[in-house]
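**Student:** Structure incoming, see below.
The values are calculated or read from the model by the stated rules, or taken from the named source; none is laboratory data. Everything numeric in this text was worked out from a predicted model, so none of it was measured. Counting neighbours? That spans all protein chains shown, and the Cβs are built from the backbone with ideal geometry, glycine included. Calculation scope for accessible area: heavy atoms of the full protein, side chains included, ligands and nucleic acids excluded. Shrake-Rupley method; radii C 1.70, N 1.55, O 1.52, S 1.80 Å.
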Amino acid sequence: MELRDDLTIGGMLRETAQRFPQRPAIKTRTMVLTYKQLDEVSDIVARRLISIGIKKGQHVGTLCEANPAHIVIYYALARIGAVNVMFNTSLSAGELKELAVRSDISFMLVGEGYKGVRFPDVVRDMLGDCPKIKNVMFIGWGDPCGLELLKDQPMADEGLLFEAERSVLPSDTAQILFTSGTTSRPKMVMGSHYSRVNCGRFQAKDLQATEEDVFLGALPTFHCFSISVNVMASCAAGSCLFLPDSRKTSVLLSAIRDYRITIFSSVPTLFFAMMHRSDFKNWDVSSIRTGFIGGSGYSPTSFVLVEKAFGMTLLASLGQTEATGGITTCDLSDPVELRASTVGHLMDHVEGKIVDIDDGHDLPLGKNGEICVRGYVVMQGYYNMPEDTAKVIDKDGWLHT
């Protein structure tokens, strides 16, 4: 499969909607959106975004849990070329304020809340310290806490949407995601439409996903891993993305049983939490075919236990936010011994090498060193941090992980 250099995120949705107009794109326990409907409602929301003054290149903060509204906003912002700055929903008010200022947010789009925290209250309280934010819109259900509702805004002329969409290039910045900040302040990773679209396409290929598959969105949608292996991979294949009401293990297990989930990708801790429930054997998980495991370490023994517990062919992988979430993958045909003890091979069209951490020289096979990658997955850089960018992307385009 070749790289696509002619496709934006909004364009990929448009293309998939033309291929599979009546296939379910997003499903919850209370609603279904076909690809045709998702494409149409993304246009409607994009026209509302234009009407409130959002333009190509502007930074728009999104603070929302994994639900259909967030997916629609994701495509609508991409369609008009705005940069989607996706905030972790577990951030404290102080952390959110700092990152909003550093990332030059012009608008905020917020959902209801998470774990008892009301996002409208948090965002409204910080506006006095964020002078660049022109407006905040509510995109959820329930009480907007005094915020304006995006769904009540007028729609810009359809011709303006056409012009906006035509101006968006695959090489444009599509979103800013934040690193975890475990060793320093979170960095703001800029990713292009080109990298995001192709990473989703190749991860769908690795999963051998088709329009018959149902993905479980068990990870938060602001996370790079989830965007690649759930949102973009499902769209690339024309598959259905099921969004559960929460990430509680019982809710996820009932979703797998009731909606015959076939692709389930997650972090090791969630797999472990589900399989270690005392009633796990009472849940029917037989529909699961495959999925990625990643985001943190695990032992080969744990890998095998997860695979056996869920009866799936589990794919190991290595990813990093700076690499659009995808660096390596295993093949479904690889023996379990290989999938359990390695992170596979480099993804298609990605170059890699191992270098000496001290002097940067290439190392021979079998020697430990730093993984470096080059290709379409490499980020555009850290926003407003040229020195930090230069430390991790060298003059030859190698990303030092």
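**Student:** Which of the listed residues, VAL110, THR221, LEU314, is farthest toward the dipole's positive end in the chain, when Lys, Arg count +1 and Asp, Glu count -1 at the beta-carbon?
**Tutor:** VAL110
**Student:** Then there's this: Among DSSP bridges having both ends in the stretch 37-135, what percentage is antiparallel? Round to the nearest 5.
**Tutor:** On the way: 2 of 11 bridges.
Rounded to the nearest five, the antiparallel share is 20 percent.
**Student:** Per 0.36 nm of contour for each residue apart, how much would the distance between ALA390 and ALA93 grow if the chain were fully extended, relative to their Cα-Cα spacing? Walk me through the numbers on the way to the answer.
**Tutor:** Numbers: separation 297, 0.36 × 297 = 106.92 nm, distance 3.07 nm.
103.9 nm is the gain from fully extending ALA390 to ALA93.
**Student:** Okay, next question. Please name whichever of PRO154, SER167, CYS235 sits farthest to the positive end of the charge dipole of the stretch 147-272, dipole taken about the Cα centre and charges placed at Cβ: Lys and Arg +1, Asp and Glu -1.
**Tutor:** CYS235
**Student:** Which whole-Hz couplings ³J(HN,Hα) result when phi for each residue of the stretch 72-83 is put into the Karplus expression 6.51 cos²θ - 1.76 cosθ + 1.60, θ = phi - 60°, listed in order with x for Gly and Pro?
**Tutor:** Ordered by residue, 3J(HN,Hα) equals 4, 4, 4, 6, 5, 5, 4, 5, 9, x, 6, 9 Hz.
**Student:** Distance in nm between label sites at THR30 and VAL117, each 7 Å beyond Cα in the beta-carbon direction?
**Tutor:** 2.4
**Student:** Another question, then. Using the basic label-point model (7 angstrom from Cα toward the beta carbon), what is the LEU160 to VAL101 distance in nanometres?
**Tutor:** Here the answer is 3.2 nm between the modelled labels.
**Student:** Out of the DSSP beta bridges found with both residues in the stretch 108-261, what percent are antiparallel (nearest 5)? It would help to have the intermediate numbers written out before the result.
**Tutor:** Numbers: 7 of 15 bridges.
Antiparallel bridges make up about 45 percent of those DSSP assigns within the stretch 108-261.
**Student:** Where both partners of a DSSP beta bridge lie in the chain, what percent of those bridges are antiparallel, to the nearest 5? Working shown, then result.
**Tutor:** On the way: 26 of 54 bridges.
Beta bridges within the chain, antiparallel portion: roughly 50 percent.
**Student:** Got the relative contact order for the stretch 266-401 handy, in percent, Cα pairs under 8 Å and 6 or more residues apart?
**Tutor:** 16
**Student:** Work out the charge dipole of the stretch 33-115 with +1 on the Cβ of Lys and Arg and -1 on the Cβ of Asp and Glu about the Cα centre, then indicate which of ALA46, TYR35, ALA100 is farthest towards its positive end.
**Tutor:** ALA46
**Student:** In whole percent, what relative contact order does the stretch 116-156 give with Cα contacts below 8 Å and a gap of six or more residues?
**Tutor:** On the way: 22 pairs, mean separation 13.6, N = 41.
The normalised contact order for the stretch 116-156 reaches 33 percent.
**Student:** For the stretch 3-103, calculate the relative contact order in percent as a whole number, restricting contacts to Cα pairs under 8 Å that are 6 or more residues apart.
**Tutor:** Numbers: 109 pairs, mean separation 26.0, N = 101.
The value is 26 percent.
**Student:** Quick one: which residues, 5 or more positions from VAL85 or on another chain, have an amide H under 5 Å from its amide H? H modelled 1.01 Å from N in the peptide plane, none for Pro or chain starts.
**Tutor:** Amide H neighbours of VAL85: VAL60, GLY61, THR62, ILE176.
**Student:** What is the calculated FRET efficiency for THR401 to GLU212, with r their C-beta to C-beta distance and R₀ = 35 Å, to the nearest 0.05? Mind dumping the intermediate values first?
**Tutor:** Numbers: r = 35 Å, r/R0 = 1.00.
Given R0 = 35 Å and the Cβ-Cβ separation, E is 0.50.
**Student:** Treating only the Cβ of Lys, Arg, Asp and Glu as charged (+1, +1, -1, -1), what charge dipole size does the chain show about its Cα centre? Round to the nearest 20 debye.
**Tutor:** Numbers: 40 positive and 47 negative charges, 176 e Å.
Dipole size: approximately 840 debye.
**Student:** In addition: Order 292-304, 321-333 from most to least packed using the mean count of other Cβ atoms within 10 Å. Write out the running numbers ahead of the final one.
**Tutor:** On the way: 292-304: 16.5, 321-333: 22.8.
Top to bottom by mean Cβ count within 10 Å: 321-333, 292-304.
**Student:** What is the magnitude of the charge dipole of the stretch 4-153 about its Cα centre, with +1 placed on the Cβ of each Lys and Arg, -1 on the Cβ of each Asp and Glu, and no other charges, expressed in debye to the nearest 20? Write down the numbers at each step before the final one.
**Tutor:** Values: 20 positive and 17 negative charges, 83 e Å.
Taking the Cα centre of the stretch 4-153 as origin, the dipole is about 400 debye.
**Student:** Note the count of lysine pairs whose C-alpha atoms are less than 25 angstrom apart in the stretch 1-114, limited to pairs 8 or more residues apart or on different chains.
**Tutor:** Numbers: LYS27/LYS36; LYS36/LYS55; LYS36/LYS56; LYS55/LYS97; LYS56/LYS97.
Here the count comes out as 5.
**Student:** Quick check on the chain: helices-only [θ] at 222 nm, where DSSP H runs of length 4 and up contribute -39,500 (n - 2.57) each and the sum goes over total residues. Nearest 500, please. Please report the intermediate quantities before stating the final value.
**Tutor:** Values: 13 runs with 131 residues, N = 401.
Per the formula, -9500 deg cm²/dmol.
**Student:** Enumerate the aspartates and glutamates that LYS353 could reach by cross-link, defined here as Cα to Cα under 14 Å, with residues fewer than 8 away along the same chain left out.
**Tutor:** ASP362, GLU370, ASP394, ASP396
**Student:** Quote the charge dipole size of the stretch 157-311 about the Cα centre in Debye, to the nearest 20; the model charges only the Cβ of Lys and Arg (+1) and of Asp and Glu (-1). Could the numbers behind the result be given before it?
**Tutor:** Working: 14 positive and 14 negative charges, 152 e Å.
Around 720 debye, computed over the stretch 157-311.
**Student:** So between LEU149 and LYS56, what do we pick up on full extension, going 0.36 nm a residue minus the alpha carbon distance? Don't skip to the answer; put the middle values down first.
**Tutor:** On the way: separation 93, 0.36 × 93 = 33.48 nm, distance 2.16 nm.
Separation in residues times 0.36 nm, less the Cα-Cα distance, equals 31.3 nm.
**Student:** How large is the accessible surface of LYS151 in square angstrom, using a 1.4 angstrom probe and rounding to the nearest 10?
**Tutor:** Approximately 130 Å² for this residue.
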